[in-house]
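S.K.: Next up is a structure, given as structure tokens.
The values are calculated or read from the model by the stated rules, or taken from the named source; none is laboratory data. These numbers come from a predicted model, not from an experiment. Every residue, glycine among them, receives a Cβ derived from its backbone with ideal geometry; neighbour counts consider all protein chains shown. Heads up: the accessible areas ignore ligands, DNA and RNA and are worked out on the full protein's heavy atoms, side chains in. Shrake-Rupley method; radii C 1.70, N 1.55, O 1.52, S 1.80 Å.
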Amino acid sequence: MFETRWAEAQWLREVMSGIREGRRSAAPRDGDAFFAERVLSRRDLVHRRLTDGFQCFGEEIGGRYRTPFTETGLRSNNSHVLRRIVQLTPRTPSLMSGRTKEIMTKGDSKLLSLDNPWIVMNGKVRGVFRIDLDVTFPSWDALRYEIEQLRLPCLPHIIVAFELPDGRIERPHVIYLLPYQSSVWFDPSDPRCRRDIMSLWRGVHAGITKEFLSLGADPGALSNAMRIKNPLSPFWTYRTWNETIFPDLAEWAGWVDTTTSRTTMIRESAAALSGMERKASNVLFTTLQDWSFALLREMHRQDDPIYAQSIASKDRDCLAEVLFKALVGRASMVVDNPRQAQAILYRVTTYAADHWDPSRVARDVSRDRGACAPDVEGVAGTARRQAIGGRYAAALRASRAVETIRSAVRAALAEGAHITKTEIARRSGLSRPTVLKHWDAVEPLITAGTGEV
């Protein structure tokens, strides 16, 4: 079905292109010359891309310099799963792509944008699961063997990575596709969108990631699920190991744990990456997490320029890198094996950068944290402890309401105003039932007429 619709769209595009070229243009207006030149320039670039191929003149991509090369043709012609990538990306006005994973921009040609090494898939109609493996594998065959040992219904549809000159595969992205026309409508702002299906999609994605933890999967990548290494880009090497089996959400839910906690996964991933025992890894993870958040609070208060730029541009990767560089020396000194500490710190800083909320830096002093701790000491059961806390909070609200009413009464007496319950409710900003409830507490103040109880 997908291939039929693809062929129909291609045919329609060619027909409409011929109609547009034969149509008489309207009379030019002031300022049209700029846009006309832009369109002609884009058409020329697209034409050259199709006839001459993609040309790299030498540049750094993903931290590695790429020597000049040329790749002819379009990769989407090689496989229908690659054509699905084209289908699952947004239209040109919304398509985000970039030469680096930190900076994404919009282009005016989808064909040219799909040459960039990183792209953002359609976030409102999600049909892709991406798992980011943070390790280097000896070869493609070694990677395939490792994936075949996992308890999963099928091989990935696409694997995309940088292939080193010696054949090693560096930090691959594993890509699974949902069946055609089975993508998930994912728009939390639209009340018509089903929250249970969105939650299932998240659970399946987390569950697949959990299965790949033993191969170095990065749970932090779940926070930016739609940004992938683009298999259509000539800068990467790819493999298509599965072109026939496409499990849907219900099938995936039968294979993976959809209730997986991302925080738990990050701790498991840190332990696997470092090779430490789980208990020791958790202790070190918690310590490094405290250091990371303390450093973030300090940078926020000092208005650190790199921190401010990272927050403004929403570049969490840059923020994680700043944290890692600042803490790596200190972390390497707390254990006998510095490499283990660095491996855990890598996961911790990614977690901290993703979960950091600058708006919550300043502590809300109006909240009385732990005020009734002595009252609940020794009390068993969450419900009973919460009941004690609830009664304490209710009493605190009542005392604040009484004080607010007293302030309103004093102000009214000072002005010589006629005091009624309605007038005090208006002045205090409280509801009339609340004023009525606490009227007995302020009545002596009114009777005395002096402003004192």
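S.K.: Arranged from highest to lowest average of other beta-carbon atoms within 10 Å per residue, in what order do the peptides 94-104, 437-447 appear?
M.R.: Ranked from most to least packed, the peptides come out as 94-104, 437-447.
S.K.: Near LYS110, which lysines are there with a Cα under 30 Å away, not counting those fewer than 8 places off in the same chain?
M.R.: Cα-Cα hits under 30 Å: LYS101, LYS124, LYS229, LYS314.
S.K.: Determine which lysines satisfy two conditions relative to LYS421: a Cα distance under 17 Å, and not lying fewer than 8 residues away in the same chain.
M.R.: Within reach: LYS437.
S.K.: May I ask you to give the solvent-accessible area per residue for the chain, in square angstrom, as obtained with a 1.4 angstrom probe?
M.R.: 56
S.K.: Which order do the peptides 352-359, 70-77 take when ranked by the mean count of other beta-carbon atoms within 10 Å per residue, highest first?
M.R.: Ranking, from highest mean packing down: 352-359, 70-77.
S.K.: Return the Rg/Rh value of the stretch 262-327, two decimal places, where both radii are evaluated on C-alpha atoms and Rh is the Kirkwood radius.
M.R.: 1.05
S.K.: Continuing with the same structure: Round to a whole number: what % of the accessible area of the chain belongs to carbon and sulfur, probe 1.4 Å?
M.R.: Exposed carbon and sulfur together represent 51 percent of the surface.
S.K.: Follow-up. How large is the charge dipole for the chain, taken about the Cα centre, if only the Cβ atoms of Lys, Arg (+1) and Asp, Glu (-1) carry charge, to the nearest 20 debye?
M.R.: With Lys and Arg at +1 and Asp and Glu at -1, about 1060 debye.
S.K.: Pop the C-beta distance of GLU8 and SER79 into the FRET formula with R0 = 22 Å and round what comes out to the nearest 0.05.
M.R.: With a Förster radius of 22 Å, E is 0.70.
S.K.: Related question: Highest mean first, what order results for 306-313, 421-428, 41-48 on Cβ atoms within 10 Å?
M.R.: 421-428, 306-313, 41-48
S.K.: Translational diffusion coefficient, Stokes-Einstein: compute it for the chain using the Kirkwood radius over C-alpha pairs as Rh, at 25 °C and 0.890 mPa s, and state it as an integer in µm² s⁻¹.
M.R.: The diffusion coefficient I find is 90 µm²/s.
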